[in-house]
1. Run down 66, 74, 41 and say which single residue is at negative phi, in a helix (DSSP H, G or I), modelled with pLDDT under 85 and out of contact with any helix residue (DSSP H, G or I) (no Cβ under 6 Å at 6 or more places or on another chain).
2. Of the residues in segment 55-87, how many are surrounded by 15 or more Cβ atoms within 10 Å (Cβ to Cβ) and without any contact (Cβ under 8 Å) to a residue 24 or more places away in the chain?
C-alpha cells in the first residue's frame with residue numbers, strides 16, 4: 001500500500017534534511033544521553049572494586065558505552081545527512 005503523505009528522503013532538499021536531522025537529535029538526544037549516563041555510572045562503580053577482573057570489566061564497559069553514545073549522537077546523524085537520508 002502506497003502512502004502518499006510519505007515522500008522518500010531524497011525528495012527533500014539538503015537544507016531540510018539537515019534541519020530534520022538536527023531536530024531529531026535534539027528530541028531524542030536527551031533521552032539517549034540520560035540512558036547512557038546511568039549505564040556509565042553503573043559500570044563505573046565496578047571500577048571501584050578490589051577484584052581486578054571486575055575493575056577491568058568496568059573500564060572496558062565504560063569505554064564501550066562512551067563510544068556507542070558518541071556514535072549514536074554524532075556519527076550516525078552526520079552519516080545519514082551525508083548519505084542524503086538514504087539508509
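1. Numbers: 66 fails: modelled with pLDDT under 85; 41 fails: modelled with pLDDT under 85.
The match here is 74.
2. Start the filter on segment 55-87 by keeping residues that are surrounded by 15 or more Cβ atoms within 10 Å (Cβ to Cβ), which leaves 57-58, 61-62, 65, 69, 72-73, 77, 80-81, 85.
Those still in the list that are without any contact (Cβ under 8 Å) to a residue 24 or more places away in the chain too: 57-58, 61-62.
Qualifying residue count for the region: 4.
The values are calculated or read from the model by the stated rules, or taken from the named source; none is laboratory data. Because the structure is predicted, anything quoted here is derived from the model rather than measured. Using ideal geometry, Cβ is built from the backbone for each residue, glycine included, and neighbour counts are taken over all protein chains shown.
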